[in-house]
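Please treat every number below as a calculation from the coordinates, not as lab data. These figures come from a predicted structure and were not determined experimentally.
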Amino acid sequence: MEYEDQGIGNLQANANGEFIVPSLRNVALTAPYMHDGRFQTLEEVVEHYSSQIKPHPQLHEFLKYPNGEVQQGNFTEYEKRALVAFLNTLTDQLLITDERFSDPFSE
Ligand code: HEM
């Protein structure tokens, strides 16, 4: 498939439109989200997994039914809030409060 950004397809064969699964450590501090920054909030990311997943040849098996159809999360409002709350627990408070981590150029 032809897209402007082929992700790791630019680096290896048969991977056009595939993107690395990122670490979610401190994800609450690193908006905007996804490789192109398309989502401003974690709520938008969770809504994406709930109802907006699009079919794609590189879509991960976890996001498809065995017959290949896209599997939307279809989360309830409660589940969406729980997922966002979970993502917020991945924030390392020390990283944002400890003086030692305030300046990457200091020794
Ligand atoms: C409810 C389940 C999931 C949640 C809450 C979730 C959460 C997230 C979040 C917050 C990001 C953005 C990270 C960032 O931009 O720094 C992300 C990106 C990503 N996730 Fe998930 N994820 C879920 C399921 C999955 C599954 C099943 C896969 C398949 C292996 C997956 C693969 C990816 C990939 C490849 C990206 C990067 C996409 C890009 O750069 O455009 N995720 N996810």
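What number does region 9-54 give for Rg over Rh if you use C-alpha atoms and the Kirkwood radius? Let's see the in-between values first.
Working: Rg = 12.3 Å, Rh = 12.0 Å.
Result for region 9-54 is an Rg/Rh of 1.02.
Over region 14-107, what is the relative contact order in percent, taking alpha-carbon pairs closer than 8 angstrom and at least six residues apart?
Values: 72 pairs, mean separation 30.7, N = 94.
Rounded, it is 33 percent for region 14-107.
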### Task
Apply the Kirkwood formula to the chain: the hydrodynamic radius equals the inverse of the mean of 1/r over all pairs of different alpha-carbon atoms; give it in Å with one decimal.
16.2 Å
### Task
Can you tell me the 0 to 90 degree angle between the C-alpha axis of helix 77-89 and the longest principal axis of the chain, rounded to 10?
40 degrees
## Note on the structure
The alpha-carbon center of region 29-79 and that of region 82-107 are separated, in whole Å, by 25 Å
